[in-house]
Amino acid sequence: MGRGKTARRKRSRRQLHQPGTLDGSASSDSSSYSQLSTRDRLSSMHGDIAILLMVAAVVVAIATVDDYRGLRRLQEHGIPATATVVDVHYRKNFPNEPEVRFTTRDGVAIEARVGVHRWDGPPEIDDSRQVLYDPLDPVGGVLDRRAKFVHATHWLSAAVVLLLVPLAIATWRLGPRLFGWSRMESWRRRRMGRRLAS
């Protein structure tokens, strides 16, 4: 099984780099890629890149949807409490995250670190806020009641998905033609040919 996949990968590599001469043209690479079967594309470098891009898009989409659903669940079913900022976690080039302390309705003292997208504005020590907490996970599920339901991170994640999906499709369909990769490869081969000739 593993040998067969390795053989297909090597065959697809040869098909992509088999122009006949050391300085093979870019059009030869592009036409070779377009003639590959789906199985051989899966074993090619551009196929691997396309799959990685699509997997990354799926992971980002799942994480964003999961966080969005968590926020909605907190807003609908979260239990209100008064929280006090006891510490601020400073992060270089990123918004700071507060660590808060509050008491649940059962009288249990909780300290929790709140994500920046679940807190409104910059945190300050000793600042008191009304929060909502998840009774099943009071440490991991805390939301500032003043925080926006849809945060900038959600829009950023959506933009990343909208970028990765078309890029993955274009990489799969165009292969070496995308971003002039075939021209770069042709230039590299001509340069190598001149070195060998000299």
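The values are calculated or read from the model by the stated rules, or taken from the named source; none is laboratory data. Not measured: the values here are computed from a predicted model. Note that we place each Cβ from the backbone using ideal geometry, even for glycine, and neighbour counts take in every protein chain shown.
Determine if segment 144-157 includes at least one residue that is in a strand (DSSP E or B), within 20 Å of the chain's Cα centre (by Cα) and under 24 Å from residue 56 (Cβ atoms). No, every residue in segment 144-157 fails to be in a strand (DSSP E or B), within 20 Å of the chain's Cα centre (by Cα) and under 24 Å from residue 56 (Cβ atoms). Among the conditions (1) surrounded by fewer than 19 Cβ atoms within 10 Å (Cβ to Cβ); (2) modelled with pLDDT under 85; (3) in the same structural domain as residue 169 (by TED's automatic domain parsing), residue 46 misses just one, which is (1).
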